[in-house]
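Below is one structure, written out as structure tokens, with a few remarks after it.
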Amino acid sequence: MRTTLDLPEDLVREAMRAARVKTKTKAITIALEELIQRSRLAELKKYRGKVDLDIDLNELRDRNAHPG
């Protein structure tokens, strides 16, 4: 999608260096993907300690130690 944006040039250059990419498009794409990932993780963290998975870790560990 083509879009015209008015972005601070120094911010874009810094993002390009941080991401080690050569194009503005790639830097912005990476930034958007990172933003989405962080947002999704924040949503998942709301459920920490609230979901009972009914998993016996000892049984899982034993199963991994004895394949077959």
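None of the figures in this text is laboratory data; all of them are computed from the coordinates on show. Being a predicted model, the structure only gives us computed values, none of them experimental. As a convention, Cβ positions derive from the backbone with ideal geometry for all residues, glycine included, and neighbour counts pool all protein chains shown.
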I'd like to know if the stretch 3-15 contains one or more residues that are within 18 Å of the chain's Cα centre (by Cα), surrounded by 10 or more Cβ atoms within 10 Å (Cβ to Cβ) and not in a loop (DSSP other than H, G, I, E, B).
yes
Within the stretch 26-52, count every residue that is under 10 Å from the mean Cα position of the chain (by Cα), loosely packed, with under 10 Cβ neighbours inside 10 Å and of a type in the set (Asp, Glu).
0
